[in-house]
Each structure stands twice: as C-alpha cells, then as structure tokens.
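Derivation of every value follows stated rules applied to the coordinates shown; laboratory data play no part. Computed from a prediction, not measured in an experiment: that's the story for all the values here. So basically every Cβ, Gly included, is an ideal-geometry build from the backbone, and we count neighbours across all protein chains shown.
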Amino acid sequence: MTLLTVESLKVGYGDLIAVRDVSFTVKPGEIFVLLGANGSGKTTTLRAISGLIRPIAGRIAMEGEALGAIKPHAVARLGISHVPEGRRIFPNLSVDDNLTVSYLPTRTDKSLRAILDEVYGLFPRLRERHKQMAGTMSGGEQQMLAIGRALMNCPKLLMLDEPSLGLSPVMTDLVFERLEAISNQGLTILLVEQNASAIDLATSGVILSNGVVSMAGDRAALSSTQYIQKAYLGV
Amino acid sequence: MSDTAMSPANGVATSRINWRLIVPVAVIALMVLLPFVVGTQSYLLGIAVRAMLFIALGQAWNVVAGIGGQLSLGHGVFFGVGAYGTAILFNSLGLTPWVGGVLGAVASIAVAGLMGAATFRLRGVYFALATVAISLCLEKLARHFIGITGGDAGLAVRFIGDSLSAAQSRSPLPFFFASLVMVVAYYVLTRRLLRSNFGYQLQAVRDDEEAAAASGVPVFRTKMWGLILSAGMTALTGALYVQFYLAIDPGAAFGLGQAIQIQLPSLIGGLGTAGGPVIGGAIMILVSEVTNWLSARTAIHGLDILAYGAILLIVVMFVPGGLLGRTRRGA
C-alpha cells in the first residue's frame, strides 16, 4: 500500500536537467525525507509532484492514480499540499485570510471555523496574530503560517520544502516538533531538507545527489551512513 | 517582534472598524444633501458628476489591478467599448441606453475574455502589453470607421430632450444621483469582494501566483473573472459617461492618456482598498478644477497633468501604497 509513487522522474528547466532519475514511494502515515545538498534536485522533485513544473519523463501517482499533466490547483484539490521553499505566504493578507484562501470545502465536511480552530490549536502563536498582516510577522511565524495554510485543505499528503531554512535552531526544533504532532494525527508527510537532523524525524527516506537517488532506506539505514552524510550533506 | 506590538495594533484595528462605517455613511449623506445646498442646476453638480464618473472608473480598475494585481494599462478599451456601444446603438437603432449600456458591457466583457485568454496563462508583463496594444488598435479603428464612430471628431449622441427612456436630461441632477448610486454600489461591491472567498483568491494571486496555485486557487480562472468583473464595471461607467456628456471621441475613449487617468485614483488613494479610488478620484478632480481655473487665468495649458504627476510622485515617494494603502510593497 503506497500513498505516493514517483517512478523514474526526469525534470529540467530548458536544457538544464535538475532531476535525472528519481524513484521512491511514500507509505501512508510516514514521515518521508528527501535529503540532499543544494542543487541535488529536491525542490524540483516537489515542484513536479505539485504540478508547478511538467516532468520530461517519469510517472507520479497518488493512491495509484497517475497525476499526468494536471494543474497545480487541481493537485491541491486531490489532497497534496505543498509548503513552498521560503514560505511564500501572502504578505498583504491577514493570517486569517491567508488560511481562509486555502480552505477547500469540496475536500471536507468540516466547517472553515473548525479547521481554523485545529490549525490555531497547533500554532497558538498564529491565533494571537490572526488579524495581523502576514508580511509583518517573523520568519518562524511565517513558516508556521505556511504550514497552517497547507493544512487548511485537509490534505492526505503534506509536502514541505526546507521548512528549517533561515530559522533559528530553537524555531527549527519547534517546527519539527509540530510536524511530529501533525504526523501523530495520521497525516503523511514528505519533507525536503538539507538539514540532516531531519533524519531523526523520519520513518524513511532517500538521499539525492545530482538528480539521482544515491541512498534509500529507513531511519536506521539513513543515520548509519555517516560517510554519505559527510559526502553529500557536508555535515 | 514581541507581544508588546499586539495591543496598540489591536487598538488601531478596533477604532478603524468604526471609522470604516461612519466615514462612508457620513460622506454618502452629505452627497445626497449636496443638490439641496448648492441648488439643482449648479455648476458644482456637474463637477460632482465628473468626479464620480472618474471615481467609478478608478473603482473598476482597482478590482483587477489593485485587488488582483493584474496591471491593466489599457482600461480605456472597456470604457470606450461601453461608451461607443451605447451611443452607436442609440443613434443608429434607437435602442434605449438602459439596454445599450448592458450590451456595451457584454461587448466589453467579450473583449476582456479574449485579452485574458491570450495573455493570462503567461506571467508578467504580457497582459499589461496586450492591454496597451488593444487600446492602440481600437483607437485607430475608431478614427478609421467614420461612418460608425464619427472618426476623429467623435460621436455625438442624438439629443431628444429630457427623457427617462433615452436617459437624457438638460439638468445634471439625474446624472448626479445616477453616478452617486454607481459609486456607492461599486464601493459596497469592493468592500464585499475584499471579504469574500473570490476576493481572497484574487489577493492571493496578486501576492504570489505560484503559492496561490499550490494552495488550490485556480489562478487563470481567478484572473479571468477579476478582469471580466472589472471590464463590466468600466463599460457601465462608460455608458453613463456618454449619456452625461452626450459625446465620445477616440482619444477620450481609447487614448492612453485616458487609460492612465483611470489608474490615478487608486494609485493616489490606495491600491486594493475600497475607499482608495474614492479619495484619490475626489482629490484629482478638486485639483483639476483649481488648475483649470489657473490655466484659464494664465493661458498655460496642461497644468492639471502637471499637478497629477506631482501628486503621484509625492504619493509614490512618501506613501507608496497610496493614502489608504495597506499593501506593503506598494505594487
């Protein structure tokens, strides 16, 4: 039983091939990490899954159904949520409005109010700032908002692109701790990280280098390959 | 970034909510009383109509450009199609402007649909460029097909005297109330839009197209409906304009000068806000009355354009989001 299948994915920008050959599967309920150094193809892989860039070759399937040439908003409506790199919240909208935009009544029986309460329960700081314009918040608060926004459409799969980027170690710990809490509620998470401490969070994952999978396995396997971490992650 | 920032921010928010109801209601009440104060045939009423038509155009542009972030540099297209459509249908077929105006809006929406379909899948400047290109085309066409449009000289609406069915009047009073209703309706619509799901989607697309798509917002469709709404509003204002002035010419309809003037009320008053175009438009007409008076005294022409430019510069330098602006980046 798999939730997400990526098979022989190849993606590029013009002549530049960022992802050469990437395959992996994500099982329901797990926290799956995509690790790798800068330029190894992590972000491009996520963007391909989200429909933000069209693959040159390969197959992406959600619950056995191939996504094909589907539009990004339709991917979101299938229950795949993407927290993009650099957060990219809507700076001129309030926290409330940022969250409301992502609410998709077609995906859930829950009311907007009920889901807002769930998200604010996960991130009490956001509730305190619910009327504030999002662009005026700190980086950590914006990251919480980006994650909260991705939860508003009741996804089956939550994809995060380097949520620790630019955050203080304390804030990174807090974000990772919240991801565990979200995972404990049964949501499947696909986490892209350069920060190798994400392995502690993972149930399994792959290490990418130069657009190919150089290593795949569960948490024990990933954390035992110290030399690979040194080679590819520089830690 | 501590919690101390919270309480003053909340204080501002609460007092603003009150002002946001009191000020508009007071302004509307004063406007309704205006004809009884200055007299129903007053020159001032004509100025007020001119101001409100101008404000309404700004409000219409604000929907797609201010709230939706899609920079239209050629909104004169929708204005001109509405104005010419209404006038041509009345002159040649005798069709009442009440219907002609709606048909003009429909034609305008069709043009908007074509423009959007051709350019909204591309990001960046393509839409803005297309709006300029279509303005230039329509201006040339309007000058060329003299039989239909009157050519360079423009088109005069056949005047049949005071008539409700022809929407004509010697007195500015009916136009005063018609344009007041239009401005108030557009204001209420903008306020509701800003708090609606569709409004959030438009603003999300404005702030970050890709993040909006990843959040489930259908970007293309959202831009399209934003443009269609804006084009329809602009064309209806064009219809009212041509009934008031009883004339339209290619420059006033499709000229780039007109298109730029449509943008000024929102830029000065506050992009993406409900009150911004109202305040910005009112300031501009007041200024233009003063400069017109000065121009007449000094025989120096174009002082109004000079003043608009100076005001815009000052606003861009000191309050980039406009007087009521809430956009941080001013864009």
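For chain B, evaluate the Debye formula with one uniform point scatterer on each Cα (no solvent term) and list log10 I(q)/I(0) at q = 0.15 Å⁻¹, rounded to two decimals. With one equal scatterer per Cα and no solvent, log10 I(q)/I(0) is -1.32. Sparsely packed loop sites in the stretch B:260-329 (the trypsin sites (Lys or Arg not before Pro) outside DSSP H, G, I, E and B with at most 14 other Cβ atoms within 10 Å) comprise B:Arg329.
Pairs of alpha carbons in the stretch A:50-130 separated by more than 21 Å make up 41% of all such pairs. The peptide list B:116-124, B:60-68, B:156-164, B:221-229, put in order of mean Cβ contacts within 10 Å with the highest first, becomes B:60-68, B:221-229, B:116-124, B:156-164.
The charge dipole of the protein assembly as shown, taken about its Cα centre with unit charges on the Cβ of Lys, Arg, Asp and Glu (plus for the first two, minus for the last two), comes to roughly 720 debye. Entry for chain A at q = 0.09, 0.11, 0.14, 0.17 Å⁻¹: log10 I(q)/I(0) = -0.35, -0.53, -0.88, -1.28, Debye formula applied to identical alpha-carbon scatterers, no solvent contribution.
State, to one decimal in nm², a quarter of the convex hull surface area for the C-alpha atoms of the stretch A:90-144, i.e. the direction-averaged projected area.
Its Cα hull, projected and averaged over all orientations, spans 3.6 nm².
When a/c is below 1.5 the answer is rounded, else prolate if a/b is larger than b/c, else oblate, so apply that to the stretch A:12-66 with a ≥ b ≥ c taken from the square roots of the Cα gyration tensor eigenvalues. Oblate is the answer for the stretch A:12-66, as a/c is 1.5 or above yet b/c matches or exceeds a/b. The spacing between the stretch B:139-155 and the stretch B:253-331, judged by their C-alpha centroids, is 29 Å. Measuring nothing but how far apart in sequence close Cα pairs (under 8 Å, 6+ apart) lie, relative to its length, the stretch A:61-137 scores a relative contact order of 39 percent.
When only alpha carbons of the stretch B:238-311 are considered, Rg and Dmax amount to 13.5, 38 Å. For helix B:43-61, what angle does its Cα long axis make with the longest principal axis of chain B, in degrees from 0 to 90 and rounded to 10? With rounding to tens, the tilt is 50 degrees. The shape of the protein assembly as shown can be summarised by an equivalent ellipsoid whose semi-axes, obtained from the alpha carbon gyration tensor, come to 53, 26, 20 Å from longest to shortest.
One compactness figure for the stretch B:63-110 is 1.32, namely its Cα radius of gyration divided by 2.2 N^0.38 Å. Computed from Cα atoms, the angle from the helix B:276-298 axis to the main principal axis of chain B rounds to 50 degrees.
Among the GluC sites (Glu not before Pro) in the stretch A:1-108, those located in a DSSP loop and surrounded by at most 14 other Cβ atoms within 10 Å of their own Cβ are A:Glu63. Taking packing as the residue-averaged number of other Cβ atoms within 10 angstrom, the listed peptides A:160-169, B:72-81 run from highest to lowest as B:72-81, A:160-169. Each Lys and Arg Cβ is given +1 and each Asp and Glu Cβ -1; about its Cα centre, the stretch B:31-253 then shows a dipole of about 200 debye. Based on the convex hull around the alpha carbon atoms, the stretch B:114-166 presents an average projected area of 5.9 nm². Across peptide A:87-95, the average count of Cβ atoms from other chains found within 10 Å of a residue's Cβ is 6. State whether the stretch A:47-186 is rounded, prolate or oblate according to the following rule on the C-alpha gyration tensor (a ≥ b ≥ c being the square roots of its eigenvalues): a/c under 1.5 gives rounded; otherwise a/b larger than b/c gives prolate, and the remaining case gives oblate. Judged from the Cα gyration tensor, the stretch A:47-186 comes out prolate (a/c at least 1.5, a/b above b/c). Residue by residue along B:195-207, Cβ atoms of other protein chains within 10 Å of the local Cβ number 4 on average.
Against chain B, whose longest principal axis comes from its Cα atoms, helix B:219-245 is set at around 40 degrees. Taking the convex hull of the alpha carbon positions in the stretch B:12-120 and averaging its projected area over all directions gives 10.2 nm².
Only beta bridges with both residues in the protein assembly as shown are counted; by DSSP, about 55 percent of them are antiparallel. Take each residue in A:104-114, count the other chain C-beta atoms within 10 Å of its C-beta, and the mean is 1. Taking every alpha-carbon pair in the stretch B:130-282 and binning the separations at 5 Å intervals from zero gives 2, 8, 13, 17, 17, 16, 13, 8, 4, 2, 1, 0 percent.
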